[in-house]
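Peer 1: Here it is, the structure in full.
The values are calculated or read from the model by the stated rules, or taken from the named source; none is laboratory data. Note that the coordinates shown come from a computational prediction; the quantities given were computed from them, not determined experimentally. Cβ: placed from backbone, ideal geometry, glycine included. Neighbour counts: every protein chain shown.
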Amino acid sequence: MTGARDHVKPGAQLLAPEVGRYQERHPHYDQTFRIASDAIRTTREAGKAEICLLVTWKRSAQGSWLGAFLALDDADVRAWTRHAFEPLWDQSADPVTVAGEAFARLRHADIPGFGRTALPSALLCAADPQRLAVYDRRAQTALDNLHLRIDGAHGFYAGYIAVVTQLRHDLADLSGHPISARDVDEALYEYGGVPPADTRRPLS
């Protein structure tokens, strides 16, 4: 793999030791995420129950929006998410294009709690963990520490997925095996918890 390493960007080389570490440290934490993900990918839609599972898993701030969300008709939520997920089922489509279109559809639906990026990204990752990733503050901290910038010219989440996709390719070159977007965001989560002054010190 020497030839592959020669063209891999430094950010991926720094992130590589974190790949797989999340599952080693938190072997049972993602069970809730996987239950929601399996249901969403089977039905190609998400109802209030699946979204509430992701809210709990993501430990999202549960403000007044949650009451407004729970007051929605589950059939409406499923219709909105079914529409938002449509771009995801074209597996030949570019991940950045898919991310931008699906995220824009979720925003257009104006679902309570989906006004920022973390919860919509968790929902989209649950629907397509191979190509789409969770965005949160620790991911942003990791990107800052790796000196990787999100270009939001075509939408912030699409720009984030562009960075994640490049990391997927670079990390696959380094490891010699396929890397999913979820693998990358797990690695970013771990790296985002490492103090910038000592980027190789394990989390306590």
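Peer 1: Out of 114, 85, I need the residue that is at pLDDT below 95 and either over 23 Å from residue 169 (Cα atoms) or touching a Lys or Arg at 6+ places or on another chain (Cβ under 8 Å) (or both). Which one?
Peer 2: Details: 85 fails: at pLDDT below 95.
None of the others qualify; the one that does is 114.
Peer 1: Hey, another quick one. Working only within the stretch 9-46, note down all residues that are farther than 19 Å from residue 193 by Cα and in contact with a helix residue (DSSP H, G or I) (Cβ under 7 Å, 6 or more places away or on another chain).
Peer 2: 9, 32, 33, 35, 36, 37, 39, 40, 41, 44, 45, 46 - these are the residues of the stretch 9-46 that are farther than 19 Å from residue 193 by Cα and in contact with a helix residue (DSSP H, G or I) (Cβ under 7 Å, 6 or more places away or on another chain).
Peer 1: Moving to a separate point now. Among the numbered criteria (1) among the acidic types (Asp, Glu); (2) crowded, with 22+ Cβ neighbours inside 10 Å; (3) part of a loop (DSSP other than H, G, I, E, B), which single criterion is violated by residue 183?
Peer 2: Residue 183 satisfies all of (1) among the acidic types (Asp, Glu); (2) crowded, with 22+ Cβ neighbours inside 10 Å; (3) part of a loop (DSSP other than H, G, I, E, B) except (3).
Peer 1: Taking the stretch 70-99, which residues are over 22 Å from residue 34 (Cα atoms), free of Cβ contacts under 8 Å to residues at least 60 places away in the same chain and not hydrophobic (A, V, I, L, M, F, W, C)?
Peer 2: Across the stretch 70-99, the qualifying residues are 73, 76, 92, 94.
Peer 1: Also, I was wondering about something else. Please go through the stretch 102-149 and pick out each residue that is among the aromatic types (Phe, Trp, Tyr) and in contact with an Asp or Glu (Cβ under 8 Å, 6 or more places away or on another chain). Break it down into steps so the answer makes sense when it comes.
Peer 2: Going residue by residue through the stretch 102-149, those that are among the aromatic types (Phe, Trp, Tyr) are 103, 114, 135.
Within the stretch 102-149, just 135 meets the criteria.
Peer 1: List the helices (runs of 4 or more DSSP H) inside the stretch 52-171, counting only whole elements, that have at least 1 residues being buried (at least 16 other Cβ atoms within 10 Å of the Cβ) and not hydrophobic (A, V, I, L, M, F, W, C). Reasoning before the result, please.
Peer 2: Numbers: elements: 65-70, 74-85, 95-109, 118-127, 137-145.
By residue number, 74-85, 95-109, 118-127, 137-145.
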